[in-house]
Structure formats: C-alpha cells, structure tokens
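FYI, it's all coordinate maths here, none of it is from the lab. Please read these numbers as outputs of a predicted model, since none were measured by experiment. Every residue, glycine among them, receives a Cβ derived from its backbone with ideal geometry; neighbour counts consider all protein chains shown.
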Amino acid sequence: MDFLNNSSELIFNVKDLCYSYNEQIVALDHINLTIHPGEKLAILGSNGSGKSTLLKILDGLYFSDSGTVTAFGQILSEQAFRDDRFNFEFRSLVGFVFQDSDTQLFMPSVWDEIAFGPLQLGLDQNEVISRVETALLALHIENLRDRAPYQLSGGEKKQVALASVLSMTPEIWVLDEPSAGLDPRTVSWLIEFINAQSSNGKTIILATHDLSLAEATADRVYVLDEKHQLIAESTPGKILSDRSLLIKANLISK
C-alpha cells in the first residue's frame, strides 16, 4: 500500500460529515471540503465552532457519525486503522500538532521527545540520531536537548512539538491553533516555519481564529460558523475583506 503513488488527486475529501459528542452535542454539521496536495489551507472559526474536531477527524483520532472522510483515496474508519500497515503509512505521512503542547509532550527530555516518532517507525539508531539532530537545528533548539519539556516556556514547548513532528518528515502538516499563547516574535517565527514547509512541497492544514495567521500562511480558506457549518470558501483576500461574513462567524465584533 503506497498512499502517495496510489492516491487520487485529492489528499482529503470530506463528504457530508457529521459529528456529535455523546450523540448529543453537535460539533460538525454536514461538512464538505477538499484538500489538494501541496496547498496551504486554513480553517477559520471562533472557539467552539468545531475546527479542532474537524482536524482530529482528518487525523484519524475521531471518526464521523455519518458522511465519509477519504484520505489518499482510502476511507478513514476505525476498521481501517486496525490494519497495521494502513495505520503505519498514514501516521508516517500525516503529522499533527496539538493546540496545547502539553498534550503532545510526554517524554523525560527534549531529545527523547523528538526521537520518539522515528523510533516508532523502526528506523536504525544512526537514522534516528540524524533526524533528531536535524530537527533540533531546524528549530534552533539545540540548547534545549537535555531539558525536560515541562520546564520550558510556552514558545519553547511549541518549538519542541514542531520538532517532534518534523523528525517524522511528514508530507502533510495538520496544525491546531498553532499561534495560541505565543508572543508576537514567536508567531512571526512560526509563520516563517509554516511557509518554509510549504516551500518544501508539504501540504499545510491549519485551524485558527487568528485572521493575521490565516492571511500570512494560507492559499485557501474555509470558514466555520457557530452552528458548526461551513459557510464560505475562498482566497484569504476575499474572506478577510468580507466584514459581514467575519461578523457572522464571530471572528470579529460589529
């Protein structure tokens, strides 16, 4: 099974997706969207609109109540992920960066954190070391290698979380509110990092309510409203210039 060689032209194809928590609290209501290889896509929505849930479904962490989600031409389902080969290839291709870095970081040191993913891929020791050192250099966190993640600042934790995904060399980056809690200097660095990954041919999917982040990183934007429905899809310029749309989605105030 080779996802990249055997997939359709779409990386993700979402059709009529519905999802509720405990079969009572609606999170996503009849969502339809497509994601193409190499594009930079932002999903804009206010807090509670369902954008984080949507990303977790794309990453195979949650599964839809109804509708279909296809990745690389394969239907994403609990049964599909029980297949070790499917699960391995999917996880090798798709890297997820959580909004809260503390959710993602659990190893005793930064070095161990970054090495964890490559070790799960069964790579030999030299390749693991090479990937860790490359990620440390790329994120400019060589000085943190022996630190415990819980001792780091919010910005440093975000850098380590990104490095732990970078060491897996994913083709698709899925980032949930990546600028949350970061200072302006770190946000500027984050934008450069995201755009650098795109320049290297990676597909970027990010969820955010930060309009400036979407403007700086996205080629295309979907908008979720507070009814958990997609209400718009266009370029960042058109979306961000539509004041009535942004008010409707509670992304700006009146």
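What distance in nm lies between label points placed 7 Å from Cα along the C-beta direction at residue 125 and residue 10?
4.6
Mean separation of Cα pairs under 8 Å and 6+ residues apart, divided by the residue count of the chain: what relative contact order is that in percent?
26
Calculate, in whole percent, how much of the Cα-Cα pair population of the range 87-223 lies beyond 26 Å. Let's see the in-between values first.
Values: 1662 of 9316 pairs.
Roughly 18 percent, once rounded to a whole number.
Can you pull the one-decimal nm distance between simple spin-label points at residue 254 and residue 196, each 7 Å off the Cα toward Cβ?
For residue 254 paired with residue 196, the spin-label model returns 4.5 nm.
Which lysines, on any chain, are close to residue 254 with Cα under 26 Å apart, when same-chain ones fewer than 8 places away are left out?
By straight Cα distance, residue 254 reaches 51, 227, 238.
Just the Kirkwood number for the range 60-161, please: inverse of mean 1/r across all distinct Cα pairs, in Å, one decimal.
Roughly 15.4 Å, rounded to one decimal.
So for the chain, Kirkwood radius off the Cα pairs, Stokes-Einstein at 10 °C and 1.306 mPa s: how many µm² s⁻¹?
85
Going by alpha carbons, how many degrees (0 to 90, nearest 10) lie between the helix axis of 110-120 and the longest principal axis of the chain?
80
Principal axes first, then extents: for the Cα atoms of the range 1-127, list largest minus smallest coordinate on each axis, whole Å, largest first.
Its Cα atoms span 47, 35, 29 Å along the three principal axes.
In degrees between 0 and 90, to the nearest 10, how far off the longest principal axis of the chain does helix 84-93 point, with axes built from Cα atoms?
Compared with the principal axis, the helix lies near 90 degrees.
Calculated FRET efficiency, residue 138 and residue 87, Cβ-Cβ r, R0 41 Å, to nearest 0.05?
It comes out at approximately 0.95.
Just to be sure I understand: with springs between alpha-carbon atoms less than 10 Å apart, which residue in 84, 29, 16 has the highest mean-square fluctuation in the Gaussian network model of the chain?
84
Report Rg(Cα)/(2.2 N^0.38 Å) for the range 183-245, keeping two decimals.
That ratio works out to 1.19.
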